[in-house]
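Below is one structure, written out as structure tokens; comments come after it.
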Amino acid sequence: MKLEEVILKLEDKIKGPLPGKAGQIKMAPRPLDNARFAQHDLTYAREGAVLILLYPNGKDCWVPFIKRPEYDGTHGGQVSLPGGKKEQKDTNLQETALRETEEEIGVPAKDVHVIGKLSQLYIPPSNFLVTPYIGFVDQVPIFIPDPREVSRVIQCDFNTLIDQNARKETTIEARNKRKIQAPYFDIDSEMVWGATAMILSELMVIWEK
């Protein structure tokens with residue numbers, strides 16, 4: 001799937017109403033944490049943003065993910081999209097997504113063309129309200145991962161994301177020793193689950209409409 005094809009299709013489809021919960025829930029861990037979708041006051045949630053970065057690699061469109069270093073925290077060792085917490089210097093969440101991407105994997109914010117955003121998603125364990133943005137660069141990026149935040153940059157062919165065979169499910173033990181059923185994307189032998197899988201799920205529902 002060429003970059004140009006992906007951009008044209010997504011630019012058109014994200015202009016309309018987004019599926020939101022109906023798209024995200026397809027890859028949500030079970031039992032479902034209803035706090036993700038409850039209509040409660042999120043005034044005290046921390047705001048953050050991530051970037052789905054599209055780029056050309058050969059004839060195909062690719063997307064980078066990052067693997068967090070192992071640490072004793074909510075998201076240690078997990079695979080996610082580049083992004084993070086909004087800072088006071090950020091004028092908006094789009095700027096947050098671009099700044100964090102540059103800091104984490106070295107892709108200059110000025111080189112990214114943002115085409116839109118997906119639905120916000122609340123992440124109860126870390127009290128983050130995350131806004132995913134979609135953007136692209138014209139050339140293969142030179143990834144420069146920040147070793148404090150990134151143990152590995154995982155490059156994924158967009159064709160993998162749209163392949164139903166890459167969507168799997170397993171049982172995992174959460175930090176509270178509770179067992180949960182976790183749908184995930186199998187990307188380069190890494191398990192992409194949780195909030196990141198839910199964001200990708202909405203993207204795939206939009207793509208498949």
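The values are calculated or read from the model by the stated rules, or taken from the named source; none is laboratory data. Predicted model only: the values in this text are computed from it and were never measured. All Cβ positions, glycine included, derive from the backbone under ideal geometry; neighbour counts span all protein chains shown.
Looking across the stretch 123-140, just one residue is assigned to a strand (DSSP E or B), more than 14 Å from residue 93 (Cβ to Cβ) and modelled with pLDDT under 95, and that is 123. In a residue-by-residue description of the stretch 22-39, the property of being out of contact with any Ser or Thr (no Cβ under 8 Å at 6 or more places or on another chain), farther than 18 Å from residue 128 by Cα and modelled with pLDDT of 95 or more applies to at least one position.
Taking residue 121 as meeting all but one of (1) within 15 Å of residue 83 (Cα to Cα); (2) surrounded by fewer than 17 Cβ atoms within 10 Å (Cβ to Cβ), write down the number of the exception. Of the numbered conditions (1) within 15 Å of residue 83 (Cα to Cα); (2) surrounded by fewer than 17 Cβ atoms within 10 Å (Cβ to Cβ), the odd one out for residue 121 is (2). Residue-level analysis places residue 70 among those that are of a type in the set (Asp, Glu), surrounded by fewer than 16 Cβ atoms within 10 Å (Cβ to Cβ) and either in contact with a helix residue (DSSP H, G or I) (Cβ under 6 Å, 6 or more places away or on another chain) or touching a residue at least 24 places away in the same chain (Cβ under 8 Å) (or both). Annotation: residue 96 fulfils all but one of (1) farther than 21 Å from residue 114 by Cβ; (2) polar (S, T, N, Q); (3) surrounded by 13 or more Cβ atoms within 10 Å (Cβ to Cβ); the unmet one is (1). Close Cβ contacts (under 8 Å, 6 or more residues apart or on different chains) running from residues in the stretch 6-35 that are of a type in the set (Gly, Ala, Ser) to residues that are surrounded by fewer than 15 Cβ atoms within 10 Å (Cβ to Cβ) comprise 35/124. Condition check: under 14 Å from the mean Cα position of the chain (by Cα) and touching a residue at least 40 places away in the same chain (Cβ under 8 Å). Does residue 118 satisfy that? Yes.
So which pairs qualify, if the first residue must be in the stretch 178-205 and hydroxyl-bearing (Ser, Thr, Tyr), the second must be part of a helix (DSSP H, G or I), the Cβ gap must be under 7 Å, and the two must be at least 6 apart or on different chains? Final answer for the pair search is 184/197; 201/23; 201/24; 201/26; 201/27. Spot the failing condition for residue 148; the list is (1) touching a residue at least 40 places away in the same chain (Cβ under 8 Å); (2) over 30 Å from residue 178 (Cα atoms), and only one is missed. Looking at each condition in turn, residue 148 falls short on (2).
Taking (1) surrounded by fewer than 17 Cβ atoms within 10 Å (Cβ to Cβ); (2) modelled with pLDDT of 95 or more in turn, residue 80 satisfies each apart from (1).
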